[in-house]
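See below for the structure under consideration.
The values are calculated or read from the model by the stated rules, or taken from the named source; none is laboratory data. What you are looking at is a predicted structure, and each value in this text was computed from that prediction instead of being measured. Here Cβ is always computed from backbone atoms with ideal geometry, including for glycine, and neighbour counts include all displayed protein chains. Only protein heavy atoms, including side chains, enter the accessible area calculation; ligands, DNA and RNA are left aside. Shrake-Rupley method; radii C 1.70, N 1.55, O 1.52, S 1.80 Å.
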Amino acid sequence: MDLDFNGDVTCLDAELLQLPEVSPLAIKANPYVAENLFDQWLSLPETNSLVKSLLNNAKGGSPLHVSGTSSSTNSAPSNSLPSMFAAGSTPPLSPRSSSGSPRIMKHRAGPSALGSPLKLINEPVKELIPQFYFQKGRPPPSELRDRCVSRVNQFFYGHMDGLQMNEFKPVTKEICKLPSFFSTVLFKKIDTEGTGIVTRDAFVDYWINGNMLTKDIATQLYTILKQPDLKYLAQDDFKPVLRELLASHPGLEFLQSTPEFQERYAETVIYRIFYYVNRSGNGRLTLRELKCSNLIAAMQHADEEEDINKVLRYFSYEHFYVIYCKFWELDTDHDFLIDKENLIRYGNHALTYRIVDRIFSQVPRKFTSKVEGKMGYEDFVNFILSEEDKSSEPSLEYWFKCIDLDGNGIVTRNEMQFFYEEQLHRMECMAQEPVLFEDILCQLVDMIHPEDQSYFTLRDLKGSKLSGSVFNILFNLNKFMAFETRDPFLIRQERENPSLTEWDRFAHREYIRLSMEEDAEDASNGSADVWDESLEAPF
């Protein structure tokens, strides 16, 4: 085998040759001595076979084992280098010094078992990541646990046998920090055997050992309310809470003599909760939906506020009164169902026939009523909340589905014109000055500023504060006329109370009107009674 060495011999370090028989000074003075030695070593037959073997191993990716150069002390004797010198004075194949020759280092590419000038680096110590997910909740810290146990001992002191249901409310309020009207449902959640008693150990086991203590309040209420084998809340899960609220809240005491209205109030509150919170509309309220809502804050407000009518979200009795009276006015036969002809009378015939047809086609929401062509009370609650507060997202979704005739997610010019045609006809019949659709369309585009002016999307409507007026222009004539001639005084009032929604303002106005009508009716009946008595007195 012919091996050519074209390197510069003067760059060889005499110390690296490790030849005890030859003085390093002599090699430095005569650099060609090293070249002759290297050529002579390459000419040996053993060197030829060794170099071929090393090249084959390097090409095949096998480790290279060379005696005298490996860090291992167990190198095979058969791989030893052929020597020109006596045994024991064999030079190594490559230098061990970290300042090795550039010529030799250039040919050592890739990992090998040859002596490496690189220092061994210890592997980094693996960082132990603490557990961050707990299927049953994070265990409470020792300090928090001890503090809670101390509080529990104070409330259960003197009650060795445990607490009864009527004694459990302070525990719910003070220790669990939950609304007091969750007392009964929490008591029954702990008292699984139905003994009527919750012992100190049973409470500690459920609330502290069950890791309820470290959960956020939304997760706590969700866990307490839901059925064990389900992963969502149904409407029936809220009924025990509403029953206790009706029985204990001072602002609802007057309903205790009318159980039928207690039931209607509870139903209305639940329907309102699911309308706003259950955004999927499937009747299955998830933990995520609960956390994204304002329901927990409304419950806490209802627990602290004695005047239930000040709790505008979900629990206001005045709001229930308006909804129920509106439904009762339309339900002429009082079978608790209304049809198209009933609904068309809503708001003094404000709606068009075309939009009522779309509502009864159940496009925006499936009816809970089992009677075909009839709308039940829950369906009416969804309708009136959508009609009277078109600024809310559930309402925008409700009406967008109504006017999106082909259900492709966009409302085109033709679809808007389809609904506006009936509005235009009604204006002509009422001797109102008609507004052409082309002018209306320009006005709608200026109000919404859609991304594409050829159609509206739900995203466009949600991004505008005037979206409700768009729907009124298309199918509610009374509100359309009111929008065109809106009172500056009312606009200023709305700006002064930005926290009030359109529904809050509507419910307040309607409650005053209904109360005045009821007072006038009572006064009329009273005067008639007095008149009758005066007539009958002489006889």
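For the range 174-206, residues that are of a type outside the set (F, W, Y), open to solvent by less than 10 Å² (accessible area, probe 1.4 Å), in contact (Cβ under 8 Å) with a residue 60 or more places away in the chain and over 17 Å from G162 (Cα atoms) total 1.
Within the range 228-266, how many residues turn out to be of a type in the set (V, I, T) and surrounded by 16 or more Cβ atoms within 10 Å (Cβ to Cβ)? Result for the range 228-266: 1.
Suppose we filter the range 413-451 for residues that are of a type in the set (S, T, N, Q) and surrounded by 16 or more Cβ atoms within 10 Å (Cβ to Cβ); how many remain?
Selection size over the range 413-451: 1.
Would you be able to tell me the number of residues in the range 226-270 that are farther than 27 Å from I384 by Cβ, of a type in the set (G, A, S) and in contact (Cβ under 8 Å) with a residue 12 or more places away in the chain? Counting residues in the range 226-270 that are farther than 27 Å from I384 by Cβ, of a type in the set (G, A, S) and in contact (Cβ under 8 Å) with a residue 12 or more places away in the chain gives 1. Taken over the range 355-380, residues that are buried (at least 17 other Cβ atoms within 10 Å of the Cβ) and aliphatic (A, V, I, L, M) amount to 4. Under the condition of being touching a Lys or Arg at 6+ places or on another chain (Cβ under 7 Å) and within 21 Å of I323 (Cβ to Cβ), which residue from the range 279-299 is least open to solvent (accessible area, probe 1.4 Å)? Going through the qualifying residues, I end up with A298. Within the range 207-227, the set of residues being surrounded by fewer than 19 Cβ atoms within 10 Å (Cβ to Cβ) and assigned to a helix (DSSP H, G or I) comprises I217, A218, T219, T223. The residues in the range 452-486 that are surrounded by 15 or more Cβ atoms within 10 Å (Cβ to Cβ), free of Cβ contacts under 8 Å to residues at least 60 places away in the same chain and within 26 Å of the chain's Cα centre (by Cα) can be counted, and the count is 3.
Among residues belonging to the range 312-329 that are in a loop (DSSP other than H, G, I, E, B), buried (at least 19 other Cβ atoms within 10 Å of the Cβ) and in contact (Cβ under 8 Å) with a residue 40 or more places away in the chain, point out the one that is nearest to the chain's Cα centre (by Cα). Across the range 312-329, the extreme among qualifying residues is Y314.
Name the pairs whose Cβ atoms lie under 8 Å apart, with the first residue in the range 507-524 and touching a residue at least 12 places away in the same chain (Cβ under 8 Å), the second open to solvent by 90 Å² or more (accessible area, probe 1.4 Å) and among the β-branched types (V, I, T), and 6 or more positions between them or separate chains? Listed pairs, sorted by first residue: none to list.
Mind listing just one residue for me: the one in the range 330-354 that is without any contact (Cβ under 8 Å) to a residue 12 or more places away in the chain and assigned to a helix (DSSP H, G or I) and, of those, most open to solvent (accessible area, probe 1.4 Å)? Once the filter is applied, the top-ranked residue is E341.
Taking the criterion of being within 23 Å of E518 (Cα to Cα) and open to solvent by less than 50 Å² (accessible area, probe 1.4 Å), the residues of the range 301-311 that qualify are I308, N309.
Could you tell me whether any residue of the range 365-372 is in a loop (DSSP other than H, G, I, E, B) and of a type in the set (A, V, I, L, M)?
Our first condition is that a residue be in a loop (DSSP other than H, G, I, E, B); within the range 365-372, this holds for 365-372.
Narrowing the set further to residues that are of a type in the set (A, V, I, L, M) leaves 371.
Yes.
Give the residues of the range 140-173 that are crowded, with 16+ Cβ neighbours inside 10 Å and outside any helix (DSSP H, G or I), sorted by residue number. Within the range 140-173, P140, G162, L163, F168 meet the criteria. Restricting attention to the range 192-204, the residues that are modelled with pLDDT of 90 or more and under 20 Å from Y222 (Cβ atoms) add up to 1.
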